[in-house]
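Visitor: Pasting a structure here, questions to come.
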Amino acid sequence: MDATAAKHKLSAFYPAARKLSKTGIDTPAQLALLKQNWLAFKPILRVTMTNSDIVQKLWNLCDVLRDDGINYSDYVTELVLLLFIKMEYEQVQNNDAFGHKLPAGARWPDLAGKSGLNLLDYYRQMLLDLGKNSDPLIAAIYADAQTRIKEPRHLEQLIKSLDGIDWFSAREDGLGDLYEGLLEKNASETKSGAGQYFTPRPLIDSIIRCIKPQPGESVQDPAAGTAGFLIAADAYIKSQTDDHYDLDEKARSFQRNRAFVGVELVPGTRRLALMNTLLHGMEGDEEGVVHLGNALGQTGANLPKVDVILSNPPFGTAKGGGGPTRDDLTYKTSNKQLAFLQHIYRGLKPGGRAAVVLPDNVLFEAGVGTEVRRDLMEKCNLHTILRLPTGIFYAQGVKTNVLFFQKGTAENPRQEEACTKRVWIYDLRSNMPSFGKRTPFGPTHLKPFEDAHGEDPNGASPRAENVEGVGEASRFRCFTRDYIRSERGDSLDIIWLKDENSLNAADLPAPEVLAGEAMAELTEALHELEELMKALGAGDEVIAQKQLMAEVMGLEVGAEYE
């Protein structure tokens with residue numbers, strides 16, 4: 001239905017509705033008129049009720065939780081415990097291939113038919129029972145789950161609100177995508193602290209289109225978060241196989257249960273990931289698609305080698321928890337990104353491929369960082385680096401890159417020396433907009449990179465420089481392994497584009513002039529602070545501080561303070 005037709009139907013419905021609201025429905029003809037107009041109007045509501053609208057409605061339910069005294073950081077955890085029960089019910093109603101995952105007595109109608117304290121007590125016991133369920137996947141999702149809702153009326157309000165959502169529209173777009181939209185909304189709210197677990201979906205989809213996971217391949221994410229990479233890889237394969245209908249039963253079973261595996265350190269985040277994968281029709285093994293554990297510990301050491309690894313490891317050092325404890329990594333480091341990078345290129349099968357999001361420091365860090373980069377370029381063909389713009393992650397200020405590489409070489413997947421001959425670097429950071437809520441980062445910004453990368457998932461497509469510029473003005477340039485070794489000292493932090501928003505060092509005054517200006521501003525600020533303290537009657541404190549400063553700087557205090 002186009003916009004014009006929708007407008008006509010809406011204009012026809014509203015006058016009839018307004019008239020009947022004033023006069024009342026007295027005759028069968030009036031009732032028939034209202035029904036006729038409503039039937040014309042209802043599909044328009046369904047068309048306009050997008051997933052983003054529903055996500056906003058769900059997020060607004062957090063007001064109910066706040067009224068019950070629940071902390072901001074717990075909003076989504078509390079909401080999804082209930083939301084998953086509703087979504088599981090809606091999936092079964094709409095999808096013949098989707099059987100009940102929740103046992104009898106723990107399904108949506110069991111809650112919707114109760115009220116008051118009886119409802120709250122029943123819900124609390126339901127969560128406890130689900131955590132002890134015989135199905136290990138359901139038990140994992142609801143492990144240690146408990147509601148913090150204290151008021152029965154608030155739980156009733158949540159249930160009625162969830163029942164009032166247009167689930168027809170939600171099912172049309174996919175309940176899994178709706179759930180993921182809620183996670184993204186949570187990540188975008190900085191107060192929630194969830195941004196570190198969420199990679200922007202446009203970036204994930206772009207990486208997937210470059211890597212091109214195939215049916216029958218094993219795919220791993222050692223820092224799964226809420227499973228965005230794994231779900232996108234599954235969606236890509238489904239799009240290439242008519243939702244697996246092009247596969248035989250054995251291949252379909254592999255895709256559902258064995259193709260994908262992730263590891264997540266934080267139990268609450270893993271809960272979100274398990275719900276997310278299950279709503280997308282991904283069941284995984286007996287532990288689910290995402291296992292609980294530390295990929296830099298024994299859990300990671302026990303993972304089998306795979307065909308594809310896609311990951312955005314957490315930022316920070318081992319001090320933040322989840323640091324390296326395994327002894328099979330060649331280069332010992334407390335830098336989690338360097339440890340994850342080792343895990344990833346060691347965890348690939350010969351000929352396997354990976355794309356990993358890493359911060360700038362991995363490209364230039366000396367010492368162990370240099371050794372890890374050399375080892376990577378020896379054992380893998382590091383064919384492409386995408387330098388990402390700032391502001392696209394919900395953890396603000398982080399400068400990141402995507403490294404694309406293949407284990408071994410195309411000619412010899414088992415080669416373990418001198419695999420990288422050249423590295424193509426795409427600068428998507430210089431002279432780019434300042435991304436954020438007002439200027440969202442989207443697929444159109446990544447399309448030129450995807451075109452430059454080419455169709456071959458191992459970077460072997462014909463390539464050329466001069467992308468959006470010629471020579472050193474091009475965003476896409478090639479650097480030989482010899483150049484990186486001899487001229488860069490194996491640093492991959494290579495920048496050539498002049499950022500039009502940055503200052504040119506050649507145009508700046510001499511360093512001593514800059515230092516003098518800085519000292520003059522500091523002196524003036526100290527003088528103003530001194531006058532303020534004297535005005536406040538703190539003259540003695542001024543004398544004491546100036547004497548201390550004089551001792552530090554080897555100066556003499558003026559006579560007025562002696």
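The values are calculated or read from the model by the stated rules, or taken from the named source; none is laboratory data. What you are looking at is a predicted structure, and each value in this text was computed from that prediction instead of being measured. Cβ sites come from the backbone with ideal geometry, for glycine too, and all protein chains shown count toward neighbours.
Visitor: Restricting to the range 205-215, count the residues that are surrounded by fewer than 22 Cβ atoms within 10 Å (Cβ to Cβ) and over 20 Å from TYR345 (Cα atoms).
Guide: Counting residues in the range 205-215 that are surrounded by fewer than 22 Cβ atoms within 10 Å (Cβ to Cβ) and over 20 Å from TYR345 (Cα atoms) gives 3.
Visitor: Do we have GLY284 as at pLDDT 85 or above, within 27 Å of LEU81 (Cβ to Cβ) and over 18 Å from the mean Cα position of the chain (by Cα) here? Break it down stepwise before answering.
Guide: Values: at pLDDT 85 or above: yes; within 27 Å of LEU81 (Cβ to Cβ): yes; over 18 Å from the mean Cα position of the chain (by Cα): yes.
Yes, satisfied.
Visitor: Of the residues GLY268, GLY225, only one is closer than 30 Å to ARG387 by Cβ and either in contact with a Ser or Thr (Cβ under 6 Å, 6 or more places away or on another chain) or in contact (Cβ under 8 Å) with a residue 24 or more places away in the chain (or both); which?
Guide: GLY225 is the lone residue from the list that is closer than 30 Å to ARG387 by Cβ and either in contact with a Ser or Thr (Cβ under 6 Å, 6 or more places away or on another chain) or in contact (Cβ under 8 Å) with a residue 24 or more places away in the chain (or both).
Visitor: Shifting gears a bit: Just to check your reading of the model, which residue among ALA187, ALA194 is more than 19 Å from LEU279 (Cα to Cα), within 26 Å of the chain's Cα centre (by Cα), surrounded by 20 or more Cβ atoms within 10 Å (Cβ to Cβ) and at pLDDT 65 or above?
Guide: Values: ALA194 fails: at pLDDT 65 or above.
Going through ALA187, ALA194 in turn, just one is more than 19 Å from LEU279 (Cα to Cα), within 26 Å of the chain's Cα centre (by Cα), surrounded by 20 or more Cβ atoms within 10 Å (Cβ to Cβ) and at pLDDT 65 or above: ALA187.
Visitor: Within the range 303-324, track down each residue that is at pLDDT 95 or above and surrounded by fewer than 16 Cβ atoms within 10 Å (Cβ to Cβ).
Guide: PRO304, LYS305, listed by residue number.
Visitor: To continue, here is another question. Would you pick out the residues in the range 338-370 that are in contact (Cβ under 8 Å) with a residue 60 or more places away in the chain and polar (S, T, N, Q)?
Guide: The answer is THR370, and nothing else.
Visitor: Go through the range 233-246 and give me each residue that's at pLDDT below 95 and in contact with a helix residue (DSSP H, G or I) (Cβ under 6 Å, 6 or more places away or on another chain).
Guide: Hit for the range 233-246 is HIS244, nothing else.
Visitor: Just to check your reading of the model, which residue among LEU376, LEU329 is modelled with pLDDT of 95 or more, of a type in the set (A, V, I, L, M, F, W, C), over 21 Å from the mean Cα position of the chain (by Cα) and buried (at least 16 other Cβ atoms within 10 Å of the Cβ)?
Guide: Matching residue, one of LEU376, LEU329: LEU376.
Visitor: I'd like to know if the range 129-138 contains one or more residues that are in contact (Cβ under 8 Å) with a residue 60 or more places away in the chain, surrounded by 18 or more Cβ atoms within 10 Å (Cβ to Cβ) and out of contact with any Phe, Trp or Tyr (no Cβ under 7 Å at 6 or more places or on another chain).
Guide: Checking the range 129-138: at least one residue is in contact (Cβ under 8 Å) with a residue 60 or more places away in the chain, surrounded by 18 or more Cβ atoms within 10 Å (Cβ to Cβ) and out of contact with any Phe, Trp or Tyr (no Cβ under 7 Å at 6 or more places or on another chain).
Visitor: Here's another thing I want to ask about it. Going residue by residue through the range 218-228, is there one that turns out to be farther than 21 Å from THR77 by Cβ and either assigned by TED's automatic domain parsing to the domain that holds THR77 or surrounded by fewer than 21 Cβ atoms within 10 Å (Cβ to Cβ) (or both)?
Guide: Scanning the range 218-228, I find at least one residue that is farther than 21 Å from THR77 by Cβ and either assigned by TED's automatic domain parsing to the domain that holds THR77 or surrounded by fewer than 21 Cβ atoms within 10 Å (Cβ to Cβ) (or both), so the answer is yes.
Visitor: Here is a list of conditions, (1) under 30 Å from THR330 (Cβ atoms); (2) over 20 Å from the mean Cα position of the chain (by Cα), and ASN257 meets all of them except one; can you say which number that is?
Guide: In the conditions (1) under 30 Å from THR330 (Cβ atoms); (2) over 20 Å from the mean Cα position of the chain (by Cα), ASN257 misses (1) alone.
Visitor: Take the conditions among the polar types (S, T, N, Q), part of a loop (DSSP other than H, G, I, E, B), assigned by TED's automatic domain parsing to the domain that holds PHE404 and out of contact with any Cys (no Cβ under 7 Å at 6 or more places or on another chain) and apply them to THR444. Does it pass?
Guide: It is false that THR444 is among the polar types (S, T, N, Q), part of a loop (DSSP other than H, G, I, E, B), assigned by TED's automatic domain parsing to the domain that holds PHE404 and out of contact with any Cys (no Cβ under 7 Å at 6 or more places or on another chain).
Visitor: Of everything in the range 400-413, what is basic (Lys, Arg) and modelled with pLDDT under 95? Give them in sequence order.
Guide: none
Visitor: Listed residues ALA295, ALA366, ALA355; which is outside the structural domain of ALA464 (by TED's automatic domain parsing) and either outside any helix (DSSP H, G or I) or surrounded by fewer than 17 Cβ atoms within 10 Å (Cβ to Cβ) (or both)? Please lay out each step first, then the result.
Guide: Values: ALA366 fails: outside the structural domain of ALA464 (by TED's automatic domain parsing); ALA355 fails: outside the structural domain of ALA464 (by TED's automatic domain parsing).
Criteria check complete, one pass: ALA295.
Visitor: To continue, here is another question. Select from the range 445-478 the residues that are in contact with a strand residue (DSSP E or B) (Cβ under 6 Å, 6 or more places away or on another chain) and small (Gly, Ala, Ser) and list them in ascending order.
Guide: ALA452, GLY459
Visitor: When the range 245-265 is examined, which residues are found to be in contact (Cβ under 8 Å) with a residue 24 or more places away in the chain and of a type outside the set (Lys, Arg)?
Guide: Within the range 245-265, the subset in contact (Cβ under 8 Å) with a residue 24 or more places away in the chain is 247, 251, 254-265.
Matches in the range 245-265: LEU247, ALA251, PHE254, GLN255, ASN257, ALA259, PHE260, VAL261, GLY262, VAL263, GLU264, LEU265.
Visitor: Then there is this: When you go through THR409, THR384 one by one, which is the residue that is in contact with a Phe, Trp or Tyr (Cβ under 9 Å, 6 or more places away or on another chain) and in contact (Cβ under 8 Å) with a residue 24 or more places away in the chain?
Guide: Checking each option against the conditions leaves just THR384.
Visitor: Ok, one more. Residue check, PHE405 against (1) surrounded by 18 or more Cβ atoms within 10 Å (Cβ to Cβ); (2) hydrophobic (A, V, I, L, M, F, W, C); (3) touching a Pro at 6+ places or on another chain (Cβ under 7 Å), all met but one. Which one?
Guide: Condition (3) is where PHE405 drops out.
Visitor: A further question on this structure: What tally of residues in the range 379-399 results from selecting those that are modelled with pLDDT under 90, buried (at least 23 other Cβ atoms within 10 Å of the Cβ) and out of contact with any helix residue (DSSP H, G or I) (no Cβ under 9 Å at 6 or more places or on another chain)?
Guide: The total comes to 0.
Visitor: Looking at GLY225, GLY262, GLY181, can you tell me which residue is under 19 Å from the mean Cα position of the chain (by Cα), outside any helix (DSSP H, G or I), at pLDDT below 95 and small (Gly, Ala, Ser)?
Guide: The match here is GLY225.
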